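**Q** Just dropping this structure here.
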Amino acid sequence: MIQDVYRKQLDAILFSVNQYSDDVLNSWIAKVESGWIEKVPGHTPKKIKNLLTFNSSLVAVFISDPPYGAANGAVFSLTDSSKEHISAINETLSSGAENIRQLVEYKKDGFQKLQSLPYRDSANNDLRCLAFVVGDQPSQFSIAGLLVDPNIFIQEVVGPRLQIIAKDQFILSVFKKGSPASIYSTLARNGDTLKAEAHTKDLWLLPDFTIGIRANGTSIQSLVDKRTTTNLILLLSLDAVLIVAVILVFRNVKHEVQLAQNKADFVSNVSHEIRTPLALISMFAETLEMGRVGSEEKKQEYYSIITKETHRLSGIVNKILSFSQIDANKKNLVFRIVDINAEVNGILKTYDFHLRSKGFGYTFIPGGEVSVQADDEAFAEAVINLIDNAMKYSPDKKFIEITSGIENEYGYVAVKDHGIGISKMDQKHIFDKFFRVSSGDLAKSLGTGLGLSLVKQLTEAQHGHVTVSSAPGKGSVFTLYFLLKKTES
Ligand code: ADP
């Protein structure tokens, strides 16, 4: 379709060139006619003289005496050779007698037509005789003609017009039939050759010549190819963007669904976690209240159960509160220089009884002096959460190793257990809020899914980070990193 539209456009351009040549010659005819009316015997009319002077492609103008023959007619030329034309003119007119008769018929009907006839002058130059009829009444009709040198006409009249049309977009060239090299071309260097893709049309009044047109530089096929490639690239990149967008949306939706699921699990987990100590507390408190417990020893046991369960309850509530504070960015941290080793020793001292009562052994191997910039309470909360998890997820080998040290610009504390470990798959999610590993024996153990999310948020709020290294059945190491204390410069 593009090819078709393109060809029609080229046709229209070539048509306009022909139309233009026609207009120029018609304006010449008008000048000859008006010049002839003002003729003075023995003189070249002024208008015809001007016409010859300003148009070097016009070799001569002739006007025959009525009726139609050229013999004894006037031949106007700027050179003295006007007489030499007479026999050649007669020859042309007699060989084109049939065409001349038609011209006269047209003129009688009121149409001014122009007939192009071959003309060879005495010096054997191939010119063109453009014959037409002058006069108002058929009895006064004369045959007139413009003897035109086609080569000069193409150079001086058609050429400039072709330049205007061509601009940078097209190459327009004129060829003499039977010869592949152009006699005129809008191409800077002359001698354009007729290319296969060129579109051509004959010049109406100079039928020995052809004009060719083609796009400058590129052919229509290469233009179409280029456009096709651009469109294809655009389409592919659009597809790629679409695919990426779909993947992103899909991932987001999946994440949201997972979060909603985790939240629902969280509510049931928390209710469960709270209900168990509450049930124990109320049961033992009622038993004591009713005075059914006989021995003092039993009473003491019940009191300690109530205290333990109360601690557990407040532990859960504190964890939830702390989480909601840090999640809403409302936790105020006070940065100090924290000596990790001293802090860990303090925590272990407080936790010693708790750990031992659950059958846990532990070691702490400090790695030299490690002072970091941190909030000591937030630091302790994070470490305690790690120790809690280590205990919760170590059903068999109850041993915890804590180490500290310096790595790059960070001070670290690592909590290692020999518990159930975490699969690579679950490691990606354990720091997400509400996430709990849903498989394995300990999956049913109590928990809120907030602990590690809290650890991560607490550590990051202190400009640090947390890492995990774990394998199922082999235990886990959680490491907290904090920025080292700035050395004074
Ligand atoms: P919770 O312990 O309340 O379930 P956490 O956020 O503390 O929530 O932990 C998320 C999940 O990570 C836990 O459900 C557990 O499966 C896993 N996990 C955490 N710490 C350990 C550990 N030390 N060993 C094995 N699994 C762990």
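**Q** Only one of these conditions is not met by residue 480: (1) under 18 Å from residue 344 (Cα atoms); (2) surrounded by fewer than 19 Cβ atoms within 10 Å (Cβ to Cβ); (3) within 51 Å of the chain's Cα centre (by Cα). Which number is it?
**A** (2) is the only condition that residue 480 fails.
**Q** Kindly indicate whether any position in segment 42-59 is open to solvent by less than 50 Å² (accessible area, probe 1.4 Å) and in a strand (DSSP E or B).
**A** Step one: list which residues in segment 42-59 are open to solvent by less than 50 Å² (accessible area, probe 1.4 Å), which gives 45, 48, 51-52, 55, 57-59.
Narrowing the set further to residues that are in a strand (DSSP E or B) leaves 58-59.
Yes: segment 42-59 contains one or more residues that are open to solvent by less than 50 Å² (accessible area, probe 1.4 Å) and in a strand (DSSP E or B).
**Q** Now for a different question. Mind listing whichever residues of segment 309-321 are over 60 Å from the mean Cα position of the chain (by Cα) and surrounded by 14 or more Cβ atoms within 10 Å (Cβ to Cβ)? Steps first, please.
**A** Here is the first cut: in segment 309-321, the ones over 60 Å from the mean Cα position of the chain (by Cα) are 309-311.
Listed by number, the residues that qualify are 309, 310.
**Q** Within the group 296, 286, 273, which residue is more than 35 Å from the chain's Cα centre (by Cα) and modelled with pLDDT of 90 or more?
**A** Details: 296 fails: modelled with pLDDT of 90 or more; 273 fails: modelled with pLDDT of 90 or more.
None of the others qualify; the one that does is 286.
**Q** Mind counting the residues in segment 408-428 that are under 21 Å from residue 266 (Cα atoms) and more than 8 Å from the ligand (Cβ to nearest atom)?
**A** If we filter segment 408-428 for residues that are under 21 Å from residue 266 (Cα atoms), which is where we start, we get 422, 425-428.
Next, from what is left, pick out any that are more than 8 Å from the ligand (Cβ to nearest atom): 425, 427-428.
Result for segment 408-428: 3.
**Q** Residues to consider are 33, 84, 105, 98; find the one that is acidic (Asp, Glu), touching a residue at least 60 places away in the same chain (Cβ under 8 Å) and not in a loop (DSSP other than H, G, I, E, B). Quick ask: steps written out before the conclusion?
**A** Numbers: 84 fails: touching a residue at least 60 places away in the same chain (Cβ under 8 Å); 105 fails: touching a residue at least 60 places away in the same chain (Cβ under 8 Å); 98 fails: touching a residue at least 60 places away in the same chain (Cβ under 8 Å).
Being acidic (Asp, Glu), touching a residue at least 60 places away in the same chain (Cβ under 8 Å) and not in a loop (DSSP other than H, G, I, E, B) holds for just one of 33, 84, 105, 98, which is 33.
**Q** While we're looking at this one, here's another question. Kindly indicate whether residue 337 is hydrophobic (A, V, I, L, M, F, W, C) and open to solvent by less than 40 Å² (accessible area, probe 1.4 Å). Full working, then the answer.
**A** Values: hydrophobic (A, V, I, L, M, F, W, C): yes; open to solvent by less than 40 Å² (accessible area, probe 1.4 Å): no.
Spelling it out, it is not the case that residue 337 is hydrophobic (A, V, I, L, M, F, W, C) and open to solvent by less than 40 Å² (accessible area, probe 1.4 Å).
**Q** Another one. Given (1) modelled with pLDDT of 80 or more; (2) surrounded by 13 or more Cβ atoms within 10 Å (Cβ to Cβ), where does residue 15 come up short, assuming only one miss?
**A** With (1) modelled with pLDDT of 80 or more; (2) surrounded by 13 or more Cβ atoms within 10 Å (Cβ to Cβ) applied to residue 15, the lone miss is (2).
**Q** May I pose another question? Does segment 151-185 hold any residues that are at pLDDT 85 or above and among the hydroxyl-bearing types (Ser, Thr, Tyr), and which are they?
**A** 173, 184, 185
**Q** Also, I was wondering about something else. Tell me the residue from 334, 372 that is within 15 Å of residue 480 (Cα to Cα) and among the aliphatic types (A, V, I, L, M), please. Please lay out each step first, then the result.
**A** Working: 334 fails: within 15 Å of residue 480 (Cα to Cα).
Exactly one of 334, 372 is within 15 Å of residue 480 (Cα to Cα) and among the aliphatic types (A, V, I, L, M), namely 372.
Residue-wise test of (1) within 14 Å of the ligand (Cβ to nearest atom); (2) open to solvent by less than 50 Å² (accessible area, probe 1.4 Å); (3) out of contact with any Ser or Thr (no Cβ under 8 Å at 6 or more places or on another chain).
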| site | (1), (2), (3) |
| --- | --- |
| 324 | no, no, yes |
| 346 | no, yes, yes |
| 354 | no, no, yes |
| 360 | yes, yes, no |
| 369 | no, no, yes |
| 382 | yes, yes, no |
| 385 | yes, yes, yes |
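The values are calculated or read from the model by the stated rules, or taken from the named source; none is laboratory data. All values derive from a computational prediction rather than experimental measurement. Reconstructed Cβ throughout: ideal geometry from the backbone, glycine too, with neighbour counts over all protein chains shown. Ligands, DNA and RNA are stripped out before the accessible areas are found, and what is left, the full protein with its side chains, is counted by its heavy atoms. Shrake-Rupley method; radii C 1.70, N 1.55, O 1.52, S 1.80 Å.
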